[in-house]
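Just so you know, all these numbers are worked out from the coordinates, no wet-lab data involved. From a predicted model like this one, the values you see are computed outputs, not experimental measurements. Here the Cβ positions follow ideal geometry from the backbone for every residue, glycine too, while neighbour counts run over all protein chains shown.
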Amino acid sequence: MKNAPHRCFLLLALILAGCSVTQPRPVAAPISLPPKPIVKNDFSFQPLNESGWLVFEEKNDGLILGARGSVLDETRVVKVGVGPMPANVNDNEFVAFAELLKKNEDPKRFEVLKRETRRDDSTGKSCVRIRATMKDSAPRVVIKRSDPMILDVIYWVCRHPEVNKMVYVEYSSRFYPENQDVNFEKNAEKVFHGLALVTH
């Protein structure tokens, strides 16, 4: 069946729709400084050594951290998790699989301004790096502003040493156009380097 791999990737992408960016919820546990690694079944993650970060969700296979931006409604989010991946995926199929995982945003709400995809094996892990900048026309806000917000996201999908498994890590910043985070790329790389894969 010629299109079977594509359908398999699409199904897994739909299952993993929870990888999309989520704004922090109002109640969460603060991360003490200096932060300790958060160890899960298939990965460990070293949070950024910055004040203001909170744990919004923590499960055996994933976690969500969040922090406020420079003004109310602006947020920074880190998401790390594990998911299934088809067996015997070559490099091209792996890139296509990663791109499908990031095509679950609402196109009516998010206008893609820029998108780049490339391989990233810089830390010794086999990963695909996706950078996307989007205009969010319907953000959930407290400030009475009618203008859209900007959502910057860098997302890595990495092969896990165990077969049929992948790990993703995502760093995002949602901000008003005049408050762009000049340290976004630098902090995203710190987040990526804080990821370690765990085998059993």
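By other beta-carbon atoms within 10 Å, ranking 123, 75, 133 with the fewest at the front produces 123, 133, 75. The range 118-181 and the range 37-68 have Cα centres separated by 16 Å. Compactness of the range 102-200, taken as the C-alpha radius of gyration over 2.2 N^0.38 Å, stands at 1.23. DSSP beta bridges fully contained in the chain are about 100 percent antiparallel. Taking θ as phi - 60° and the Karplus parameters 6.51, -1.76 and 1.60, the scalar couplings of the range 65-72 work out to 10, x, 8, 6, x, 6, 9, 4 Hz in sequence order, x denoting glycine and proline.
The per residue volume of the convex hull around the alpha-carbon atoms of the chain is 124 Å³.
For residue 36, the aspartates and glutamates whose Cα falls under 15 Å of its own Cα, not counting residues fewer than eight places away in the same chain, are 50, 58.
When you count the other C-beta atoms within 10 angstrom of each residue and take the mean per peptide, 165-173, 47-55 line up highest first as 165-173, 47-55. Check cross-link reach from residue 144 to the aspartates and glutamates: straight Cα distance under 14 Å, and skip same-chain residues fewer than eight apart. Correct list for residue 144: 73, 74.
Around the amide H of residue 57, modelled in the peptide plane, lie the amide H atoms of 64, all under 5 Å away and 5 or more residues distant in sequence or on another chain.
Taking each of 125/190; 59/102; 59/114 in turn, the alpha-carbon distance tops 24 angstrom for 59/114.
Projecting the Cα atoms of 78, 48, 163 onto the dipole axis of the chain, where Lys and Arg carry +1 and Asp and Glu carry -1 at the beta carbon, places 163 farthest toward the positive end.
Taken about its Cα centre, the range 121-200 carries a charge dipole of roughly 160 debye when the Cβ of each Lys and Arg holds +1 and the Cβ of each Asp and Glu holds -1.
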